[in-house]
1. By the scheme Lys and Arg +1, Asp and Glu -1, what is the net charge of all other residues having a beta-carbon under 12 Å from that of L68?
2. Which entries of K115/K148; K12/K58; K109/K148; K12/K109; K23/K148 have Cα-Cα distances beyond 21 Å here?
3. Could you let me know the centre-to-centre spacing of the range 106-149 and the range 8-77, using Cα atoms, in angstrom?
4. How long are the semi-axes of the ellipsoid equivalent to the range 94-155, from square roots of 5 times the Cα gyration tensor eigenvalues, in whole Å, largest first?
5. Give a residue-ordered list of calculated ³J(HN,Hα) values for the range 90-102 (Karplus: 6.51 cos²θ - 1.76 cosθ + 1.60, θ = phi - 60°; whole Hz; x for Gly, Pro).
6. Hey, got a sec? Which trypsin sites (Lys or Arg not before Pro) in the range 1-94 land in a DSSP loop and have at most 11 other Cβ atoms within 10 Å?
7. If we count every other residue with Cβ under 14 angstrom of E134's Cβ, Lys/Arg +1 and Asp/Glu -1, where does the sum land?
8. Taking Cα extents along the principal axes in Å as the quantity of interest, determine which of (i) 83, 38, 27; (ii) 51, 38, 27; (iii) 55, 53, 32 was computed from the displayed structure.
Amino acid sequence: MKDLAMNDMMTKEDVTAMILSAKRQAGLTWEDIADKIGMSPVWTHSAAMGMNAFPVEKANLMVSVMGLPQEAESVLAESPTKIWEQAVPTDPCIYRFYEIVGVYGPTLKALIQEKFGDGIMSAIDFDMSVTRVENPKGDRVKVEMSGKYLGYNSW
């Protein structure tokens with residue numbers, strides 16, 4: 001993280017680095033942080049990584065909970081520019097999600113369109129949860145996603 005002089009503008013990347021440092025120093029989990037600001041762990045992490053804008057009141061809570069400088073509040077509330085690496089990810093966990101979309105993406109699209117019509121699942125009006133499910137063969141990761149259906153306009 002760069003040192004911020006008085007004339008430098010704080011960026012989302014700067015605030016993300018501050019959040020990660022404060023989280024590590026405090027020994028908090030994303031669930032702990034989410035509980036403290038009244039949001040889901042999935043959304044809290046995504047917003048902390050700069051991929052969503054915090055509502056002003058949640059940005060204020062995040063600044064307080066994480067001990068961030070007050071100027072971080074306005075950065076957290078800024079609308080994001082969602083840009084990520086376009087190359088195939090090499091992190092094994094992230095790669096598996098990439099693989100799931102590659103293998104099952106066309107299937108999910110076909111099934112959504114059969115059940116709803118020509119359209120998409122919203123990633124804005126969207127909920128996701130990650131839970132652990134005990135299993136005698138080895139615990140399982142359960143990822144549930146629920147997004148509003150958005151039909152394409154035909155005109």
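Just so you know, all these numbers are worked out from the coordinates, no wet-lab data involved. Not measured: the values here are computed from a predicted model. So basically every Cβ, Gly included, is an ideal-geometry build from the backbone, and we count neighbours across all protein chains shown.
1. With Lys, Arg at +1 and Asp, Glu at -1, the net is -2.
2. Violating the 21 Å Cα-Cα cut-off are K12/K109; K23/K148.
3. If you average the Cα positions of each part, the centres end up 26 Å apart.
4. On the way: eigenvalues 153, 38, 22 Å².
Each semi-axis is the square root of five times an eigenvalue, giving 28, 14, 11 Å.
5. After applying 6.51 cos²θ - 1.76 cosθ + 1.60, I find 9, 4, x, 5, 5, 4, 5, 5, 4, 5, 4, 5, x Hz.
6. Those that pass, being in a loop and sparsely packed, are K2, K82.
7. +3
8. Correct label, based on the coordinates given: (iii).
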